[in-house]
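Each remark here refers to the structure printed beneath this line.
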Amino acid sequence: MKHLRMLAVASLAAAAAVAALGDASASATVVCKVTEVPCSSANEWAAGTFMSGSLESGTSGIFETTGGAIEETCTGATISGTIENGGSGTSTPKGIAEKANLTWSGCTQAMETTQGGTIEIHHITGTDNGTVTASGFKTKVSLFGISCIYGYGNGLDIGTLTGGTKPTLDVNTVVNSTTFGCPATMKARATGVLTEPSGAAAYVEDE
């Protein structure tokens, strides 16, 4: 559960850092420092930019069964990574986070990231927001005395990045596990914020 929520937060950090799925087929997306369309190259979040994010102050990550039973909560989570692709008229923003850059704290159960992954942002038509998708991440969490491994697969919709001067990522997603004896699916809910670059604004735009 917790692993789920954390990953969600992790996503947010990376997502907010880089940058949606109103139109899953959209391929032209950029994250801009201001609200402008098209976004000028001087205002685009560029490849190579280091970013970091964490849970919103005063909130916790919630991990629950799809039936609504809360199995774990975490009061802290951080994720950091580098923007690999800033997006363009033919691509979407993508960030990479190694497993060592995704950590959790204040959790009711032990958890660790066993595999890093990528975060991608897709512009939502008519807004400054984007749908955030995650690929490759895997997390091990102790549930009912069992080490359960949950994966995010390829292009899992984890939530919405709301653009602005204080961008936030609201995570609401379901992850899957094939570990015997573990819940096959878990739901994660969390809210994350961009912490680095400090005070940075992010608007998801259709390039």
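Nothing in this text is a laboratory measurement; each read-out follows from the coordinates by a stated rule. Quick caveat, the model's predicted, so the values are computed rather than measured. Here the Cβ positions follow ideal geometry from the backbone for every residue, glycine too, while neighbour counts run over all protein chains shown.
With each label modelled as a point 7 angstrom along the Cα→C-beta vector, the residue 180-residue 41 pair spans 5.7 nm.
Where the only charges are on Cβ atoms (+1 Lys, Arg; -1 Asp, Glu), what is the dipole of the chain about its Cα centre, to the nearest 20 debye?
Its charge dipole is roughly 600 debye.
Considering only Cα atoms, the convex hull volume of segment 23-141 works out to 138 Å³ per residue.
Taking a straight Cα-Cα cut-off under 16 Å and skipping sequence neighbours fewer than 8 places away in the same chain, the lysines within cross-link reach of residue 138 are 2, 99, 187. Ordering 51, 131, 145 by the projection of their Cα atoms onto the charge dipole of segment 2-200, which places +1 on the Cβ of Lys and Arg and -1 on the Cβ of Asp and Glu, puts 145 at the extreme positive end. How large is log10 I(q)/I(0) at q = 0.15, 0.18 Å⁻¹ when the Debye formula is applied to the Cα atoms of the chain, each weighted equally and without solvent? Relative scattering, expressed as log10 I(q)/I(0), comes to -0.78, -1.08. Within the same chain, aspartates and glutamates fewer than 8 places from residue 94 are excluded, and of the rest, those with a Cα less than 12 Å from its Cα are 84, 120. Where only DSSP H runs of four or more residues are counted, the chain gives -3000 deg cm²/dmol as its mean residue ellipticity at 222 nm, each run worth -39500 (n - 2.57).
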